[in-house]
Each structure stands twice: as C-alpha cells, then as structure tokens.
Amino acid sequence: MVDMMTTNQQLFCELLDRSILELSDIDVTFRDRGIEAAEKQLADYIRSTLKTENFFKIPYQPRENAWALPEDDDFAAAEKIINGELRSIAFPHKFTDTSHVDWEFNPTPNEAPEWTWQLSRHHEWRCLGHCYRLSGDEKYAKAFTELFMSWCEQAKCPSDMSKNTKCWRTIEAGIRLALNWNYAFYSFYKSPYMTDRVICTYVRSICDHGYRLSRFHSVAGNWLIMEMAGLAHIGMLYPFLTNAREWGDYAFSRLQSELDRQVYRDGFQFELSTNYHDVVIMNYHRVFAAAREIGYPVSREFIDKLLPLFELDINITCPDGKYPDLNDGHRASLETWCRLGSIYFPKHEAINYFATNGKDGRAPEYTSVALPYSGLAFMRTGWGKDDLWCFMDAGDFGRGHQHEDKLNILMYAYGKNLLPDSGCYSYDSSAMRRFVLDSRSHNCAMVDDMSQNRRGRYHPDNEPLDRYAGMLWSFSADVDSVEGVYDQGYGEQYLHVIHKRKLILFKKGVADSAPFAMVIDRFTSEDGEEHLFQPSYQLGTEPYTDDGVRFTSDHGDQVSFSIVASERHSIIIGQEKPLFMGWRKSYELPNALNFPVPAPCVRFALKGKEARLVTLLCPYNGTGKTPRLVEALSSISDTKAFIEFSDGSTAIIDELDHPCYADTADKLVGI
C-alpha cells in the first residue's frame, strides 16, 4: 500500500462526486467490502467513462527540458527509458531498471539541483504513452506503471505543504499535471498493467496535487502560471473529483487575473526574460487547447489578453528570427511562437507573416520599437535576414531570473550575432552561473571591479507595470538614439556612481560608411572620490585581431565586427582570478556539465571623479559594396567625436544633433 497524503478513506468517502450514479455508494463499498472492492468500483467507472477522443485532439506538445537526445525519436528515447536510462537537463544516468529509480538522486558532476527537480517533471511518461498509442506494445505500459509506482512510493507529498522537496516543488507539480501525467494516464488506463490499485493510486496523487496547487502555490511569476495550468487541467480532466470544479474555476480565475498583474503595458511579462515570457505563453496555450477540445468555456476576452505577448515576441526578434538572450533567456525561434499565435489570432498580418516565413501576411510597417514601460529599445534597419539589429536595456530589473546588466547593448547584423548576451546558464552555484548573473558578463560597466547591485535592494513594488521606466529615445529613418541611466549603486557598499549611456545607431552610416553605432558613456562620482570606471564588451569565440585601439572579430562569410574607442582597451580572456571574466558557455556539451569556454572581453578603464568614453561598434560585410571603414576615433569636446576612415577621410559627430526625448508616449513607438 502506497503511503500518500490523501488516504484511501478520504478518497472513497470524501473526495469522489457521489452524485455520479456509478460512484454514489462507493463509500459504503469501502466501509463494508474493503479497499479492493472500492478500488475496483472506481477503476471500472474510469475505464468505462474516460473520454479520450477529444483529449487526443490536443496537439502533441514539443519536447522541452532536454530529457532526450535531439537525434532520438520517441521510440528511440522510449527504449532508453525502458532500459532505465533517464536524462534530465541533457545529462543521462542509467538506473538498474524502471522499478528501481532513486528519484532524489543527483548524478551530475557539479550537483546541479535542476537535474533532480526536473526529473520529477516526468516527460518520459508522456513519451511512453505516445509510443504505446502508436504501437500498442505493452512494454511501454509496464515501464510506465513501474516508474509511476516507484515515484509514488518514494515521493510522498509533504505534510508541510508550504515547503518544496526534491520531488514536490510546486513548479514540477504544475508542469507534470499540465502536460505529462494526463497524457500518460489517458494513454494507458485500459492496459492490463493499469490495475485497479495503480489507477486508484493515480487518483489519490491527483488529489494530493490539487490540494497542494490550490492552497500552497506561488505568489506570482511564471511558477504561478505553471502551477495554475496544472490545477486547471485537474479541474477539466478529472470531473469525478468533488473539488474538480472548484479547483478549475480558481485556476482559470487566477490565470486571467495574472495577465493583468504580470504583463507590462508594452507586452513584456514582468520577469523580462525571453525564455520565461514564452513559458507563460505556452502554459496558457496548453490550458486553452485542452479547454477547447474538452468543452470547458473560455471567454474571447481572456484569449485576447495574450495578443500583446505575441506582439512583443515580434518586436524584439533578431533578423535571424530568434530572440535575444535577455536575462535567463534563450534564442528561441519566432516562427514557432507565431505559428502558435496564429491559432488564436488567424487574421493578424504580422503573426501570419512570421508564422509562414513570409509566405502569408506582411511584416510590420515600423522597424525600431521602444518599450517605455519595461525600458527596452530594439532598433533595426528592416525585417530581412541581413538587416542590422541593435538593442539597449534602459529599464527595470525584472521580477525574476534577473541579471545585473542595465544599459547592456547587443548587436546583430549581416546574418551574424556580433555582440551577444551571456544568456541563461544552469541554476547551480558555479563560478559560471555567478558570472552570468553579474555585470562582468554583459556589455555594460563596472566600477572598481564591482558589479551593479540592484538585487540587494530590490523590491517588486518599486517597479509598477504602468510606470515609465525612465528611458529616452528618438527614432528616424536614418538614425535611432536611446538614453538610459544606472544610479542604483555598485558592489555590496552601493558605491554611488552614476552611469549615463547614450546609443546612437547610424542605420545608413555616415558619408558612405557602413552602418555603425556610437556609444557615449558618462560616469560621475557622487561621493567625491576617484573611481575606476570600467565599461566592457563580451564577445563570442570567433577569431580576432587586436592592437589595443581596434578590436576586430572575424565571423566568417566576409563579416567582421570592430570596436574602436576614444581610449585604449585591454583584453581579458579565460581569466579566473582576481575576477572570473572572459568566458562563454559551451553549446557543445550537455547543459548539466556547465563547462565554460574562453572568450574575449574588451575592457576599458577610466580613472577619476568624472569620465567620458566614446565607442564605435562597427559591423562590416565585405560581400557587397565596400564602404569606408572606421580607422580611429577621438573625443574633441564634451559632445563631439572625430572619426578617421580607412581612406583618409574624416567626420565629426556631435551627439547633440541626435537628441532623445522624454518617455511620455502612450504606446509602443516604431518607425
């Protein structure tokens, strides 16, 4: 007998809807005839009434969380599962067999906690169910029941429901009930391996999940969305439970209200992470897709609340059709998400355009976009694959998965990710994880080797979703400019240094030059002391040349990227002490291993009570018309910069000619 929080007596005497004729006397059966008779009565009812036709109209969800090798189809992945080889966050471990899995074990060499946590999302169970439906082979049902029962025997729902355990974090409870458990159960419920005892154990665990998710869920954030998605599925799929309707109504109510509580007025989910923004979209999609097929009513008003989130994805995307790695983000495909969006907004021109790779609909009429509430600016020359794209963060810290990277700049041009972000890294305690969270890994600035420190004083109430973030901007057909300020302190002592940054993007170049960006950094010490101001740029692993004045990385296909500034710079690459700097995460290794690879960091150092640095970010494409290249740069006044080109010609740029304006726009601004 599996020891669970929901007892057999509670299940059969309290938690089943006895208005259902077949279950009307199940409490009497349990008291008078015993547990086996009651289990048979409930299991027979489920086997005779479970409606699978509509359930399996819900599209089979794509893989996530790297639980299988990309090259393995479901049948190949299932064979490994049957043989006891389970994979979490891309790292495999072979257990003795499927009935002897230690669900709290962690085999990763760096003890990455996500391995154990994500193992209890049970993506494998959905895979086994899918293979069973396609083949009818009972070996998949056998493996599932062994895995399921071994998990229930070990992973008892904690009696202190407010606490998370290795197998019972609320996020995993939501994910497995919004996706994997239901698919497996609906696939296997008539298998001979699904005995009365297994079915009733499953129902008891569903009750544990419903109780936990309805009473001890998160307060906000993507966790809450995933938890409510799981609870909504319980409410829709298990109507024979007494609390099903109550749980479902509560979940739908919270899901609808959270779109007002978690989304900035410009459409970005308040964690400001490209990954978790789409996690939110996906969980709403799962709920809506299930509701549509099962017949659970969802208002059009509720569905329409998702439109700004899909439009946000379009507004931020790079020319290669992928998102930037903002905060704990990743470079997902816009096409994938627009195909999803077209289900709900089939007449939206831009969504259709990107969903069909330009075959239908049309691209937005604007190019550059300012998000005044989240404080982000996305500048571009067009929507084509070879267009130039540039980004600057002048906004809020965000409500979760934050990096200390205000005033960060990214650039993409000519089909290459020239100035990338550090992106997400495994949620462990490694030096690389600390590096990724820190200003050291971003294209912003440090002071006296100290990072920005918004985290230390952060409180979400300081970042209301309907407040302008303080970003200034101005866009035109030829030039875009954006300004922002970081003034929240550096290091544990909150050194009071103000960093003002202005980015000017010359989308058509200057006097026949290639397009480029000018960055003007101003630092002011507010404590009257001299400090070392240290702007830096983190590059990729491409080959490069450097002479201390001009840094140039070679991206292949005759595309290069140069950094030229009014001061000399140094290069840090693969440094561990005194500061861990000059690294990139490896995309070649399983992501649980987290072995970083050396990559150059271009770093400046200006000492004083005040300082100004002018830097040019210069992409170059040698396949077309050969434009003049920037050869050198010098600052000739507090607002002017003198540029020397490779052909001997010169130009003077005055930043005052490109002013930015107050962020008082009432909506997205594009040109």
**Per residue, in Å², the accessible surface of the chain once ligands and nucleic acids are set aside, probe 1.4 Å** = 39 Å²
**Request:** Treating cross-link reach as a plain straight distance, find the lysines whose alpha-carbon is under 16 Å from the alpha-carbon of residue 508, omitting any fewer than eight places away in the same chain.
**Result:** 625
**Request:** Could you pull out every one of the lysines with an alpha carbon less than 28 Å from that of residue 40, ignoring same-chain neighbours closer than 8 positions?
**Result:** 51, 139, 142, 156, 190
**Message:** Tell me which of 499, 511, 523 sits at the most positive position along the dipole axis of the stretch 491-530, charges placed on C-beta atoms (Lys, Arg +1; Asp, Glu -1).
**Reply:** 511
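Sort the following peptides by mean Cβ neighbour count (other Cβ atoms within 10 Å, averaged over residues), highest first: 260-269, 243-252. List each step's numbers first, then the result.
Numbers: 260-269: 20.9, 243-252: 19.3.
Descending mean neighbour count gives 260-269, 243-252.
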**Request:** Please work out how much length the chain gains when fully extended from residue 138 to residue 595, using 0.36 nm per residue of separation minus the C-alpha to C-alpha distance, in nm with one decimal.
**Result:** 160.5 nm
**Message:** Among 456, 257, 106, which residue has its Cα furthest toward the positive end of the charge dipole of the chain, with +1 on Lys/Arg Cβ and -1 on Asp/Glu Cβ?
**Reply:** 257
**Message:** With every protein chain left in place and a probe of 1.4 Å, what is the accessible surface of residue 163, to the nearest 10 Å²?
**Reply:** 120 Å²
**Message:** Using a Förster radius of 22 Å, what is the FRET efficiency between residue 610 and residue 642 based on their Cβ-Cβ separation? Nearest 0.05, please.
**Reply:** 0.60
**Global form of the stretch 268-352, assessed from the alpha-carbon gyration tensor, a/c cut-off 1.5** = prolate
**Prompt:** Which of (i) 97, 51, 49; (ii) 109, 57, 47; (iii) 112, 82, 81 is the computed Cα extents along the principal axes in Å for the structure on display?
**Reply:** (i)
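For the stretch 484-584, what is the charge dipole size about the Cα centre, in debye to the nearest 20, if Lys and Arg each add +1 at the Cβ and Asp and Glu each add -1 at the Cβ? Show your work: numbers first, answer last.
Numbers: 10 positive and 15 negative charges, 83 e Å.
Roughly 400 debye, rounded to the nearest 20.
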**Asked** Using a basic spin-label model with each label point 7 Å from the Cα along Cα→Cβ, how many nm lie between residue 661 and residue 545?
**Response** 4.4 nm
**Asked** So which aspartates and glutamates can residue 80 reach, going by Cα to Cα under 18 Å and dropping same-chain residues fewer than 8 places off?
**Response** 64, 71, 72, 97, 102, 124, 137, 138, 146
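For the chain, what's the relative contact order in percent, using C-alpha pairs closer than 8 Å and at least 6 residues apart? Don't skip to the answer; put the middle values down first.
Values: 1395 pairs, mean separation 65.8, N = 671.
Over the chain, the number comes to 10 percent.
At 222 nm, what value in deg cm²/dmol follows for the chain if DSSP H runs of at least 4 each add -39500 (n - 2.57) and the sum is divided by all its residues, to the nearest 500?
On the way: 19 runs with 210 residues, N = 671.
For the chain, the value works out to -9500 deg cm²/dmol.
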**Item:** Share of carbon and sulfur in the accessible heavy-atom surface of the stretch 109-180 [1.4 Å probe, %]
**Value:** 46 percent
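Under 15 Å between alpha carbons: how many lysine pairs meet that in the stretch 267-423, if sequence neighbours fewer than 8 apart on the same chain are excluded?
The result is 5.
Assign one of three labels to the stretch 255-402, namely rounded, prolate or oblate, based on the Cα gyration tensor with a ≥ b ≥ c the square roots of its eigenvalues; rounded applies when a/c is under 1.5, prolate when it is not and a/b is larger than b/c, and oblate otherwise.
On the way: a/c = 1.96, a/b = 1.23, b/c = 1.60.
It is oblate, given that a/c is not under 1.5 and a/b is not larger than b/c.
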**Asked** Tell me, what ³J(HN,Hα) does each residue in the stretch 417-430 have, in order and in whole Hz, if you take phi through Karplus 6.51 cos²θ - 1.76 cosθ + 1.60 with θ = phi - 60° and put x for Gly and Pro?
**Response** 8, 7, 10, x, 8, 6, x, 8, 9, 3, 7, 10, 9, 6
**Asked** Protein chains only, probe 1.4 Å: how do 211, 486 rank by accessible area, largest first?
**Response** 211, 486
**Fill in**
Taking a ≥ b ≥ c as the square roots of the eigenvalues of the Cα gyration tensor, with a/c under 1.5 meaning rounded and otherwise prolate when a/b exceeds b/c and oblate if not, the stretch 387-433 is oblate
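Which order do the peptides 343-349, 435-441, 608-614, 535-541 take when ranked by the mean count of other beta-carbon atoms within 10 Å per residue, highest first? Mind dumping the intermediate values first?
On the way: 343-349: 14.6, 435-441: 24.9, 608-614: 18.1, 535-541: 21.4.
In descending order of packing, they fall as 435-441, 535-541, 608-614, 343-349.
Which FRET efficiency value, to the nearest 0.05, do you get for residue 363 and residue 13 by plugging their Cβ-Cβ distance into 1/(1 + (r/R0)^6) with R0 = 51 Å?
Details: r = 61 Å, r/R0 = 1.20.
My answer for the efficiency is 0.25.
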**For the stretch 187-297, with +1 on Lys and Arg beta carbons and -1 on Asp and Glu, the positive-most of 202, 276, 291 along the dipole** = 202
**Request:** Set the Förster distance to 22 Å, then compute FRET efficiency between residue 3 and residue 31 from the Cβ-Cβ distance, nearest 0.05.
**Result:** 0.60
**Prompt:** Rounded to the nearest 20 Debye, what is the dipole magnitude of the stretch 136-186 about its Cα centre when Lys and Arg each give +1 and Asp and Glu each give -1 at the C-beta?
**Reply:** 200 debye
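Run the dipole for the chain about the Cα centre, Lys and Arg Cβ at +1, Asp and Glu Cβ at -1, nothing else charged, and hand back the magnitude in debye, nearest 20. Could you put the intermediate results ahead of the total?
Working: 71 positive and 95 negative charges, 187 e Å.
That gives a dipole near 900 debye.
The values are calculated or read from the model by the stated rules, or taken from the named source; none is laboratory data. Predicted, not measured: the structure shown is a model, and the values here were computed from it. When we count neighbours, we look across all protein chains shown, and the Cβ atoms used for this are built from the backbone with ideal geometry, even at glycine. To get the accessible areas, we keep the full protein, side chains included, count just its heavy atoms, and leave off ligands, DNA and RNA. Shrake-Rupley method; radii C 1.70, N 1.55, O 1.52, S 1.80 Å.
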